[in-house]
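Written below as structure tokens is the structure these notes are about.
The values are calculated or read from the model by the stated rules, or taken from the named source; none is laboratory data. Because the structure is a prediction, the values reported are computed rather than measured. Here the Cβ positions follow ideal geometry from the backbone for every residue, glycine too, while neighbour counts run over all protein chains shown. Note: areas computed on protein heavy atoms with side chains; ligands, DNA, RNA excluded. Shrake-Rupley method; radii C 1.70, N 1.55, O 1.52, S 1.80 Å.
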Amino acid sequence: MLEIDRLQVSIQSVEVLRGLSLTVGAGRMVGLIGRNGAGKTTTLRAIMGHLPLVAGTIHFEGQDLSRLPPHARAGLGIGYMPEDRGLVPELSVEENILVPLWATGVADTAARLAFVYQVLPELQEMRERRALLLSGGQQKLVALARALAVGTRLLLLDEPFEGVAPALSARLSEVIASLRGRELSVLIAQSDLNHSRRLLDAEIMIERGVHTSQTR
């Protein structure tokens, strides 16, 4: 599904990823685990095309992503949930969910919305509420829903449980667990495994931009 080979990425002349390699198999849930500054967010942003590559390759279902802009990568079925949520404050919940569908030209937005509301029915009740009026935890749910709307093949989740109250953290875990069996692969970047160990098929440890070990 996803294959990263000897990836090198620099930010403002600072080398962040130094030859990172990893794979995510079809239908697998994989954790990318490391401390703050280890390169987790940089890895996800590089996959989405938000950061240029210095060297290395990223292949998704056999296709080289290096020449594709971010919206084209989303169009392949890759959904991205950034750590800071990245919602548009003045837009409604539903409009925020629809943004990547509009950007990628998805024809059947009604079907994608129906799927999102099936997985996260609580959002349907607040679909007309502006994002700026939501709590931090509710915004995380909307960010996950937005990623799900376009991410039919691969989800990239950056610290989904960070800064979330225990009840909402449990809800996020429940939603992510419910995605099993949908032929959807998931890469979750986290600083620790407190919330997701039972969800994961494999754990990849990253340290200073290098893959150090893998379990399971």
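Data for the structure
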{"item": "Qualifying positions in region 151-163 - open to solvent by less than 20 Å² (accessible area, probe 1.4 Å) and either of a type in the set (A, V, I, L, M) or in a loop (DSSP other than H, G, I, E, B) (or both)", "result": "Gly151, Leu154, Leu155, Leu156, Leu157, Glu159, Pro160, Phe161"}
{"item": "Filter result (farther than 23 Å from Leu172 by Cα, surrounded by 20 or more Cβ atoms within 10 Å (Cβ to Cβ) and at pLDDT below 85) within region 183-216", "result": "Gly209, His211"}
{"item": "Single match in Leu148, Leu144 (criterion: assigned to a helix (DSSP H, G or I), over 21 Å from Gly37 (Cβ atoms) and either of a type outside the set (A, V, I, L, M) or in contact with a Lys or Arg (Cβ under 9 Å, 6 or more places away or on another chain) (or both))", "result": "Leu148"}
{"item": "Within region 92-129, considering residues that are in contact with a helix residue (DSSP H, G or I) (Cβ under 8 Å, 6 or more places away or on another chain) and outside any helix (DSSP H, G or I), the one surrounded by the most Cβ atoms within 10 Å (Cβ to Cβ)", "result": "Leu120"}
{"item": "Every residue from region 57-91 that is acidic (Asp, Glu), part of a loop (DSSP other than H, G, I, E, B) and under 22 Å from Leu20 (Cα atoms)", "result": "Glu61, Glu83"}
{"item": "Extreme residue, modelled with the lowest pLDDT, among residues of region 65-88 that are open to solvent by less than 70 Å² (accessible area, probe 1.4 Å) and more than 17 Å from the chain's Cα centre (by Cα)", "result": "Ser66"}
{"item": "Checklist (1) out of contact with any Pro (no Cβ under 9 Å at 6 or more places or on another chain); (2) closer than 21 Å to Arg67 by Cβ applied to Val9, failing item", "result": "(1)"}
{"item": "Pairs, first closer than 13 Å to Leu2 by Cα and among the acidic types (Asp, Glu) in region 61-73, second open to solvent by 40 Å² or more (accessible area, probe 1.4 Å) and assigned to a strand (DSSP E or B), C-beta under 7 Å, six or more apart", "result": "Asp64/Thr57"}
{"item": "Any chance Leu120 is within 19 Å of Leu199 (Cα to Cα), touching a strand residue (DSSP E or B) at 6+ places or on another chain (Cβ under 9 Å) and at pLDDT 90 or above", "result": "no"}
{"item": "Search result, residues across region 5-46 that are closer than 10 Å to Leu187 by Cβ and among the hydrophobic types (A, V, I, L, M, F, W, C)", "result": "Leu22, Val24, Met29, Val30, Leu32, Leu44"}
{"item": "Condition met for Arg171 (of a type outside the set (Val, Ile, Thr), touching a Pro at 6+ places or on another chain (Cβ under 9 Å) and either at pLDDT 90 or above or in a helix (DSSP H, G or I) (or both))", "result": "no"}
{"item": "Hits in region 137-150 - residues which are in contact (Cβ under 8 Å) with a residue 60 or more places away in the chain and open to solvent by 10 Å² or more (accessible area, probe 1.4 Å)", "result": "Arg146, Val150"}
